[in-house]
Amino acid sequence: DAKTTQPPSMDCAEGRAANLPCNHSTISGNEYVYWYRQIHSQGPQYIIHGLKNNETNEMASLIITEDRKSSTLILPHATLRDTAVYYCIVIQQYGNKLVFGAGTILRVKS
Amino acid sequence: GAGVSQSPSNKVTEKGKDVELRCDPISGHTALYWYRQSLGQGLEFLIYFQGNSAPDKSGLPSDRFSAERTGGSVSTLTIQRTQQEDSAVYLCASSPSRDRGNEQFFGPGTRLTVL
């Protein structure tokens with residue numbers, strides 16, 4: 001699976017959009033981009049995934065660049081409860097074995 | 001509905017003892033996974049069960065680790081002759097189908113401390 005690079009930490013003001021970037025320049029054509037988050041002392045939580053089109057669900061939006069070498073997870077109105085470590089994972093459709101890197105620590109501040 | 005549950009939530013054991021960790025996946029989910037997260041480390045894949053297929057054991061760190069899934073539902077992870085380096089949070093996850101295998105629902109984990 002392709003390697004991902006994320007900033008180690010980011011801050012966001014409560015109520016503002018949080019934009020979390022991820023670089024995956026070696027992604028191959030059959031690999032998807034998945035995002036998970038882990039709130040302190042909890043198990044990881046699936047957020048969203050995409051192949052090449054932008055995706056939106058009730059939790060977030062995922063923007064994937066046209067060359068698919070990077071993506072951005074957008075939390076449109078961050079709340080204090082969104083403070084967590086966010087993981088960007090690149091994996092084949094039937095990969096199943098998630099590989100979690102260091103992720104981005106997002107701190108939402110009031 | 002009910003999520004993935006794990007028991008016990010905390011386990012303290014002495015070096016050399018065997019431990020069993022239990023996972024109850026979401027009802028109807030066909031796949032079940034075990035991961036572990038050591039202090040300050042990322043999540044590490046251990047083993048994966050999909051339906052009636054042979055499990056993928058490629059992440060088990062040693063032959064002291066084993067897991068089984070009975071009746072396609074509940075799973076038990078067994079660690080024999082525990083060592084201090086086995087101290088970690090052991091996380092179980094399940095997914096609804098093979099097509100959605102990467103959408104994994106995680107339990108709260110079992111925190112294992114080996115003294």
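The values are calculated or read from the model by the stated rules, or taken from the named source; none is laboratory data. Keep in mind the model is a prediction, meaning the values are calculated, not measured. Positions of Cβ are generated from backbone atoms using ideal geometry, with glycine treated the same way; all protein chains shown enter the neighbour counts. Just the protein is used for accessible areas: all its heavy atoms, side chains included, with ligands, DNA and RNA removed. Shrake-Rupley method; radii C 1.70, N 1.55, O 1.52, S 1.80 Å.
Taken about its Cα centre, the range A:11-110 carries a charge dipole of roughly 180 debye when the Cβ of each Lys and Arg holds +1 and the Cβ of each Asp and Glu holds -1. The figure for B:Ser66 is an accessible area of roughly 50 square angstrom, using a 1.4 Å probe on the protein chains alone.
If you roll a 1.4 Å probe over the heavy atoms of the protein chains, what accessible area per residue do you get for the range A:32-110, in Å²?
Normalised by residue count, the accessible surface of the range A:32-110 is 49 Å².
When the accessible area of chain A is computed with all protein chains present and a 1.4 Å probe, what percentage of it is carbon and sulfur? Of the solvent-accessible surface of chain A, carbon and sulfur hold 49 percent. Taking the protein assembly as shown, the Cys residues with no second Cys beta-carbon under 4.7 angstrom are A:Cys12.
Backbone geometry of the range A:6-19 corresponds, through the Karplus equation with coefficients 6.51, -1.76 and 1.60 at θ = phi - 60°, to 3J(HN,Hα) couplings of 10, x, x, 7, 8, 10, 8, 7, 4, x, 8, 6, 9, 10 Hz, x marking Gly and Pro. Residues whose amide H comes within less than 5 Å of that of A:Thr79, counting only those at least five positions distant or on another chain, are A:Gly15 (H built at 1.01 Å from N in the peptide plane). Ranked by solvent-accessible area (1.4 Å probe, protein heavy atoms only, all chains present), the residues B:Thr82, B:Thr76 order from largest to smallest as B:Thr76, B:Thr82. Legend: mean number of C-beta atoms from other chains within 10 angstrom of residue C-beta atoms, peptide A:45-58, equals 1. Taking all protein chains together, A:Glu66, A:Glu58, B:Glu14 sort by accessible area into A:Glu66, A:Glu58, B:Glu14, largest first [probe 1.4 Å]. Given a 1.4 Å probe and the protein chains as shown, B:Lys17 ends up with an accessible area of around 110 Å². The amide H of B:Thr113, built 1.01 Å from its N in the peptide plane, has B:Lys11, B:Val12, B:Thr13 as neighbours under 5 Å, considering only residues 5 or more places off or on other chains.
The count of lysine pairs in chain A whose Cα atoms are under 19 Å apart, excluding pairs fewer than 8 places apart on the same chain, comes to 4. Amide hydrogen proximity for A:Gln92: with H placed 1.01 Å from N in the peptide plane, the residues at 5 or more positions away or on another chain lying under 5 Å are A:Tyr32. The trypsin sites (Lys or Arg not before Pro) found in the range B:82-115 that occupy coil by DSSP, while having at most 14 further C-beta atoms within 10 Å, are B:Arg98.
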